[in-house]
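The structure appears right after this line, and notes come after that.
The values are calculated or read from the model by the stated rules, or taken from the named source; none is laboratory data. Worth saying up front: this structure is predicted, and the values here are computed from it rather than measured. Cβ: placed from backbone, ideal geometry, glycine included. Neighbour counts: every protein chain shown. These area figures cover heavy atoms from the full protein model, side chains too; ligands, DNA and RNA do not enter into them. Shrake-Rupley method; radii C 1.70, N 1.55, O 1.52, S 1.80 Å.
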Amino acid sequence: MTLVSRNGRRDSLVLRARLVDPVGGVDGPAVVTVEDGVITAVEHGATAPASLVLAPAFVDPHVHLRTPGREDEETIASGTEAAAAGGYCAIVAMPNTDPVVDTASVLHALVERARDEAVVPTGFTAAISKGQRGEELAEMAELAEAGALAFTDDGRPVASAGLLRRALAYSAVADRPLALHCEEPTLSCGGHMHEGAVSARLGLAGWPSIAESVMVERDLALAAFEDRPIHLQHLSARASVEAVRRARAAGVAASAEASPHHLCATDERVRSLDPNVKMNPPLRAEDDRRALVEGLLDGTIDCIATDHAPHARHEKDTTFEEAPFGVTGLETAFGALNTYLVRTGEAPLEVVLERLSAGPARALGLPVPRIAVGEPANLVLLDLEAEWVVTEDGFRSRSVNSWLLGERLTGTVVKTVAAGSVVYAA
Amino acid sequence: MRAEHPRRHLLGVDDLTRDDAYRILDTARALERSLDREVKKLPTLRGRLVLNLFYESSTRTLSSFELAAKRLSADTMTLRASGSSVDKGESLRDTASTLAAYDPDVIVIRHPHIGAPHLVAAATQALVVNAGDGKHQHPTQALLDLFTIREALGRLEDVRVAIVGDVLHSRVARSLVEGLRLVGASPLVVAPPTLVPRGIEGMGCEVSHRIDAIGDADVVYVLRMQQERMDAAYVPSLREYTSLYGITPERVRPGQVVMHPGPMNRGVEIDPRVADSGASLITTQVRAGLVVRMAVLYDLLTAPGLHVAQPVLEVA
């Protein structure tokens, strides 16, 4: 039991589209038949509408569901509705809630709630340290037994190298990877945006890229020393991508995420002083963005993660410095990636689709969604040509703090099938 | 009146064209002459409401905005963060909406956070003047400094200005660099590497970490050095800062003028012998602050381009 959802229907349907299954190396028109939630036929060569693509549904390894504690910002129900609308068949929730998910009892309660509410199968992570205070280890074995997919203090780094070393060693007992938020706090301290030409002009305190990459290097070195797998969250800087590439080549078991906003946007957007472009890590320079895309292309970045971070409207409706870090992303991920990477020719569609689905599933040890006879139906139907404008009233999420508000995107999710159940239809 | 012309603000130096800057400086010059009259009050802005909203303590900026509005016969109202509903946790947007009910023509705002004036501009119908937002902008300070330089040297173009000190934490420095670039002058930043923001060259200034670089400057512009910078290890001590970067009589070349936005730490960033010397324009800057702020209020509220005639500026 790693993913939980309310008992969905098992639907039957027939989908006719261009089938793109990067894992199977398939790209061509096909008709896919689903009966009682299981794929029963894949007929290649049939004619299909040109702009419709059928792909394995997406897996998001990094979502903040704000439950328990801030249900005004998101609930398991609203967050998974948003995920369904974004084309996801599985999401993984972060444990930096109130209370923090650092005991089996908190996790049990969440799992029960997800059984009642989750529209899309949902997995949970638990904290590395008690209260995410970075001092004592959480009870990792018991948390793993209760269903924790991985351990993370996301939202803050494990500042102490000594504690991280112990956590890495002990994670072997729990047999789960650590997911790490890389930020050296004495280098990022007080920073609100990427340190560079734009922060110099605006006078906003900088959160330099070295604050991330120095921690990525440290964490990779510790993972190598303890011979344990790690998952690096929301990378933003060129030096971080290069560090992961080198470590992988040297045999370190590290997976790595990048978010749609870091792949598509730069610190130039902060000139607007819009609190909806404030996130942690911050949007970086164009050179960093290009390095992330290169990493996506060669597989160094094997996951696209939204880091969906809902915030109450009144908390973002203030000055840039006072506003909290974080933006929503579940419902705009595909539109943003298709608009900024695929249509511009920066990344092929099949690479983006692989990093949205199989990549994150492998990184967190979840079943890889496949389009093949006998597989459970985890499908997303996309329209590559459909245009839409991102507006506040278009979200299923309880929060509207999108970095894309008011923008016109090309590419929509038409239908999502998760674990055999149609969870979204436009 | 508002419906007849596009609403304008002064949120940053980049709101201004070169022509705007020179027009404001010319207006300030005309207004300065009016201050020599026995009756110093002009009727220009009678019936207008200028609201000063100050979330940070300020002596010269607030007093000069208040006096500028009064000299132009506007009604003024000043709200400070302490002792107001801000103390009770009211959001800036709510405060702005509340004050908007009084229908102010201009809101002058100082705030510790970058972008606060932009938020007030979005939340009200008033014209907004940024009197300092965090470490971002202080455009009227830049204008008064340009005015002071122009009156002292007779020109702005190709004037070399060395800005010395804590540029990293200074909205004055950011605005002045932009302002100098706007009018064709050449800014140079002189500071220890830890107090220069990475990427500042992108604003069009040169950077040096050696104090002797000020030798070529026409103007030495000294920034305030604050004790709290020691705590975060930006420099080892004020003593070392003073010995490396303090503006002493020996470091000022004959013919150079010296400026400081105030308040000064005498004996730290500037030697008292320099501050009180004939080369110092520091008190001139304070007087310039009054006339430039009068000019800014006048310029915003009389919408140049639509009201070409400026009869109120006739000086007896």
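Look at A:V390 and say whether it is of a type in the set (A, V, I, L, M), at negative phi, open to solvent by less than 40 Å² (accessible area, probe 1.4 Å) and in contact with a Gly (Cβ under 7 Å, 6 or more places away or on another chain).
yes
Note down all Cβ pairs under 8 Å where the first residue falls in region B:239-253 and is over 17 Å from B:P193 (Cβ atoms) and free of Cβ contacts under 8 Å to residues at least 40 places away in the same chain, the second is open to solvent by less than 90 Å² (accessible area, probe 1.4 Å) and assigned to a helix (DSSP H, G or I), and they're at least six residues apart or on different chains.
Once the first residue is over 17 Å from B:P193 (Cβ atoms) and free of Cβ contacts under 8 Å to residues at least 40 places away in the same chain and sits in region B:239-253, its partners that are open to solvent by less than 90 Å² (accessible area, probe 1.4 Å) and assigned to a helix (DSSP H, G or I) give B:T248/B:V274; B:P249/B:V274; B:V252/B:V274; B:R253/B:G215.
Mind counting the residues in region A:185-204 that are open to solvent by 40 Å² or more (accessible area, probe 1.4 Å) and either more than 8 Å from chain B (Cβ to nearest Cβ) or polar (S, T, N, Q) (or both)?
5
With the requirement that a residue be away from chain A (no Cβ under 14 Å) and not in a loop (DSSP other than H, G, I, E, B), what does region B:155-181 give you? Full working, then the answer.
Residues of region B:155-181 that are away from chain A (no Cβ under 14 Å), as a first pass: B:155-162, B:164-165, B:180.
Result: B:R160, B:V161, B:A162, B:V164, B:L180.
Exactly one of these conditions fails for A:D288: (1) in a helix (DSSP H, G or I); (2) more than 14 Å from chain B (Cβ to nearest Cβ). Give me its number.
(2)
Among A:T339, A:T332, which is the only one that is away from chain B (no Cβ under 14 Å), crowded, with 24+ Cβ neighbours inside 10 Å and at pLDDT 95 or above? Walk me through how you get there before you give the answer.
On the way: A:T339 fails: crowded, with 24+ Cβ neighbours inside 10 Å.
Residue meeting the stated conditions: A:T332.
In this structure, does A:S209 turn out to be within 30 Å of B:G204 (Cβ to Cβ) and surrounded by 20 or more Cβ atoms within 10 Å (Cβ to Cβ)? Quick ask: steps written out before the conclusion?
Details: within 30 Å of B:G204 (Cβ to Cβ): yes; surrounded by 20 or more Cβ atoms within 10 Å (Cβ to Cβ): yes.
For A:S209, the condition - within 30 Å of B:G204 (Cβ to Cβ) and surrounded by 20 or more Cβ atoms within 10 Å (Cβ to Cβ) - is met.
May I ask you to list pairs of residues, at least six apart or on different chains, whose Cβ atoms are under 8 Å apart, with the first in region B:182-205 being more than 12 Å from every other protein chain (Cβ to nearest Cβ) and touching a residue at least 60 places away in the same chain (Cβ under 8 Å) and the second being part of a helix (DSSP H, G or I) and buried (at least 18 other Cβ atoms within 10 Å of the Cβ)?
B:L182/B:V13; B:L182/B:A21; B:V183/B:A21; B:V183/B:L146
Exactly one condition in (1) in a loop (DSSP other than H, G, I, E, B); (2) away from chain B (no Cβ under 14 Å); (3) crowded, with 21+ Cβ neighbours inside 10 Å; (4) in contact with a helix residue (DSSP H, G or I) (Cβ under 8 Å, 6 or more places away or on another chain) is not met by A:G326; state its number.
Single failed check for A:G326: (4).
Across region A:214-239, which residue is nearest to the other protein chains (Cβ to nearest Cβ) among those that are under 30 Å from B:G204 (Cβ atoms) and crowded, with 24+ Cβ neighbours inside 10 Å? Steps first, please.
First, pick out the residues of region A:214-239 that are under 30 Å from B:G204 (Cβ atoms): A:236-239.
Narrowing further to those that are crowded, with 24+ Cβ neighbours inside 10 Å: A:236-237.
Values: A:S236: 16, A:A237: 14 Å.
Step by step, filter region A:214-239, then rank; the result is A:A237.
In the set A:V373, A:V368, which member is modelled with pLDDT of 95 or more, closer than 28 Å to A:T300 by Cα, among the β-branched types (V, I, T) and open to solvent by 30 Å² or more (accessible area, probe 1.4 Å)?
Working: A:V373 fails: closer than 28 Å to A:T300 by Cα.
Every option except A:V368 fails the conditions.
Using the structure shown, decide if A:T416 is within 21 Å of A:G79 (Cα to Cα) and in contact with a Phe, Trp or Tyr (Cβ under 6 Å, 6 or more places away or on another chain).
On the way: within 21 Å of A:G79 (Cα to Cα): yes; in contact with a Phe, Trp or Tyr (Cβ under 6 Å, 6 or more places away or on another chain): yes.
Yes: the conditions hold for A:T416.
Out of the residues in region B:206-238 that are within 14 Å of chain A (Cβ to nearest Cβ) and in contact (Cβ under 8 Å) with a residue 60 or more places away in the chain, which is least open to solvent (accessible area, probe 1.4 Å)?
B:L223
Scan (1) farther than 18 Å from B:I214 by Cα; (2) more than 13 Å from every other protein chain (Cβ to nearest Cβ); (3) not in a helix (DSSP H, G or I) for the single condition B:E151 breaks and write down its number.
(3)
Can you tell me how many residues within region B:92-119 are in a helix (DSSP H, G or I), open to solvent by less than 20 Å² (accessible area, probe 1.4 Å) and more than 10 Å from chain A (Cβ to nearest Cβ)?
Looking only at that region, the number is 3.
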